[in-house]
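Asks: I'd like to ask some things about the structure below.
The values are calculated or read from the model by the stated rules, or taken from the named source; none is laboratory data. Everything quoted here is computed from the prediction, not taken from an experiment. For neighbour counting, all protein chains shown are included, and Cβ atoms are generated from backbone atoms with ideal geometry for every residue, glycine included. Only protein heavy atoms, including side chains, enter the accessible area calculation; ligands, DNA and RNA are left aside. Shrake-Rupley method; radii C 1.70, N 1.55, O 1.52, S 1.80 Å.
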Amino acid sequence: MMKRIVAMVLCLVCLALCFTACGKDDKGASIRMYLSEPVYDVDPLNAFDNQATLQIVSLIFEGLFTADEDGDVKKALVDDYEYEVDKDLGTYKLILTLRETKWSDGVPVTASDAQYAFLRLFSSAVNHPAVGMLFDIKNARAIAAGEDSVDHLAVTVTDPQTLEIEFEKDIDVDAFLPVLTSPALYPLRADKIDTGKVETPEGNIESVWSKIGDEIVCSGPFMINSMDYKAKDGFMLERNGYYYRDREKDDYDKYVRPYRIIVDYSTPAIDQLKNYNTGEVGNIYYMGYIPLAARTDEYADVLKKLDVTNSNSTHVYYMNQAIAPFDNASARKALSLALDREEMAKALVYADAADALVPQSILYRADKGATFRDKAESYLQTAANINEAKQLLSSAGINASSYSFTLTVNGISEEQVKLGEMAVAAWKALGFKVTLNKLGIEPIIKVEKGESEEDNKEVATGAYKSLYREALQSGSFDVIGLDLVSTAPTAMSYLAPFAAAFSGNGYSASVNGEGKTVYTINPHVTGYNSADYNAKIDAAQNAKNEKERAKLLVEAEAILMNDLPVIPVVYNKNTALDGKKLSGVKAGFFCPHVLTDAKLSGYRKVAIREGFVEED
């Protein structure tokens, strides 16, 4: 009898070991999705002209705080914070204590990484509109104006897990915390960015740290496994096994449920939609982007469960005021009047005609529950008015046929191209000679230097640069279209960059007659520089409370929509189509598809069918 009991125990032990082994091999679900258009650069600072980029960036980097779908602030990397005021010394400090986590290569995420993001944003080599939202920080405004060194930015590390931010004056901390949700402040690794550069045959230095999957270290729930856009399943996100996890004690999926997110960019999105919920090999369980060709009655049955929400971006056109006729307010207004925003929104299906600039998702923070659009006016006609537009041009003495210009759009975005085609047609109807310039990407080639000049050779890096983004950031355009994404969930962050001091567009230095260096702040990339608007944003910055600031920002938008250096076109929408076996996908303010808790029913069978794992 005893022998039988021992034998049974041994059998149970063997079975337990077998199941344990199988469990260890089972790392979780590999889920096929179509998240967005291809993203060739995951630098967080390059994520504010295209919602698609922001989606991927938000999955692979962790911020100090995060904003939920409603724009409310939640702690992320920050474990605790305290605001200290010493009125005797005149010091006002926000002390952030960080949680312990690691980068995807096992290196701890520290307060120095968080500090580096602030310092990088204020570097003279980086011109970025997010700079202006940080002017409460001591010395920040002077640094942006060229009057002080970035070394004096009052963001300091007191120990590996503690970051201290000192302010110019006593602040409303609850009003400042939304700023710290910005992807522009996602902690980054200085060592990776500083070394991730190559010299091109033209002698230029190109940054590649954010463009090659093998070079990218991630602090978020996912890391990049592959960035090959030409291969089937060539873009792949994989669970970051170091994300807040004790690898000795915690299960694989304690903080991130899916093992892999697989995206195929080699197959057209419309063809992938046909595999949605089919149960076949290659089955798509989630569509975060619906191709234009599918936004028709033909796909009504598939799309009836589509979840459509307001995006944190407005599609707009910037006009270069250094070029005629865009230096004339009447011409800008005429170009705006010629656009049939209602038809443009219908062409996208998932969009609303824009009647102002600030997107529909931005809160009016002086009144909980209300959006900025609830409180502000409608300034723009949403239907085209060609006759009024022509009268404006005539009154201003502008002969449209005398002007030729180009509308530049992101050629990778089918939505931008479609809207661009409609805008070109409308402006041609006014008599202007307009062409559409669809700028895409270009491979980055580096020089590999040998012992002699003859030994030098050109080598493909596998990275791409965006010609479109280069044109936007340098101001090398006549008119350019972009998804203007908010840098923080506040109207201030959206409107402030159009004020010269808040533009983040750097400064120019010159020597006056007395031999002193004079710094002049460069205005917004459009060239817009209005004394009234500048004063209104300054007043909003120095407002006593949120109620006063909100009122001033409404007034600021009214000035901007009268001057129209930027033409709003449509309010963008987020789309999400969940498969019947998929659950747990949430939404955030910056990341419309939060996949950390995504659950795929029966994923083991799916993995076997797809060949990801072998059948037991």
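Asks: Going through the stretch 207-263 one residue at a time, which ones are over 17 Å from TYR464 (Cβ atoms), in contact with an Asp or Glu (Cβ under 7 Å, 6 or more places away or on another chain) and open to solvent by less than 10 Å² (accessible area, probe 1.4 Å)?
Replies: SER219, GLY220, PHE222, ILE262
Asks: Please go through (1) in a helix (DSSP H, G or I); (2) in contact with a helix residue (DSSP H, G or I) (Cβ under 7 Å, 6 or more places away or on another chain); (3) of a type in the set (A, V, I, L, M) for VAL424 and return the number of the only condition it doesn't satisfy.
Replies: Of everything listed in (1) in a helix (DSSP H, G or I); (2) in contact with a helix residue (DSSP H, G or I) (Cβ under 7 Å, 6 or more places away or on another chain); (3) of a type in the set (A, V, I, L, M), VAL424 misses just condition (2).
Asks: Out of everything in the stretch 176-199 that is outside any helix (DSSP H, G or I) and of a type in the set (Lys, Arg), what residue ends up being least open to solvent (accessible area, probe 1.4 Å)?
Replies: By that ranking, first place goes to ARG189.
Asks: List the pairs whose first member sits in the stretch 155-175 and is within 12 Å of GLY90 (Cα to Cα) and open to solvent by 50 Å² or more (accessible area, probe 1.4 Å), whose second member is not in a loop (DSSP other than H, G, I, E, B) and not aliphatic (A, V, I, L, M), and whose Cβ atoms are under 9 Å apart, counting only residues at least 6 apart or on separate chains?
Replies: From residues that are within 12 Å of GLY90 (Cα to Cα) and open to solvent by 50 Å² or more (accessible area, probe 1.4 Å), the pairs are GLU168/TYR92; GLU168/ARG141; LYS169/TYR92; ASP170/TYR92.
Asks: Moving on. Of everything in the stretch 418-440 that's among the charged types (D, E, K, R) and within 28 Å of the chain's Cα centre (by Cα), which residue is farthest from LEU392 (Cα to Cα)?
Replies: So, considering only residues that are among the charged types (D, E, K, R) and within 28 Å of the chain's Cα centre (by Cα), the one farthest from LEU392 (Cα to Cα) is LYS438.
Asks: Does LYS536 fit the bill of being among the charged types (D, E, K, R) and in contact (Cβ under 8 Å) with a residue 60 or more places away in the chain?
Replies: no
Asks: Pairs, please: C-beta under 9 Å, at least 6 apart or cross-chain, first residue free of Cβ contacts under 8 Å to residues at least 60 places away in the same chain and in the stretch 83-103, second not acidic (Asp, Glu)?
Replies: GLU84/THR91; GLU84/TYR92; GLU84/LYS93; GLU84/LEU94; GLU84/ILE95; ASP86/TYR92; ASP86/LYS93; GLY90/LYS169
Asks: I've got another one for you. Just for the stretch 51-103: of the residues that are of a type in the set (Phe, Trp, Tyr) and out of contact with any Gly (no Cβ under 6 Å at 6 or more places or on another chain), which one is surrounded by the most Cβ atoms within 10 Å (Cβ to Cβ)?
Replies: TRP103
Asks: Right, here's the next one. Out of SER124, SER112, which single residue is farther than 28 Å from THR371 by Cα, modelled with pLDDT under 95 and either β-branched (Val, Ile, Thr) or not in a strand (DSSP E or B) (or both)?
Replies: SER124
Asks: With (1) within 23 Å of ILE290 (Cα to Cα); (2) surrounded by fewer than 16 Cβ atoms within 10 Å (Cβ to Cβ); (3) not small (Gly, Ala, Ser) as the list, and LYS605 as the residue in question, which single condition is left unmet?
Replies: (1)
Asks: If only one of VAL131, VAL107, VAL126, VAL73 is among the aliphatic types (A, V, I, L, M), under 30 Å from GLY241 (Cα atoms) and under 21 Å from the mean Cα position of the chain (by Cα), which one is it?
Replies: Checking each option against the conditions leaves just VAL73.
Asks: Being closer than 25 Å to PHE326 by Cβ and part of a loop (DSSP other than H, G, I, E, B) is the requirement here; does PRO592 meet it?
Replies: In short, no.
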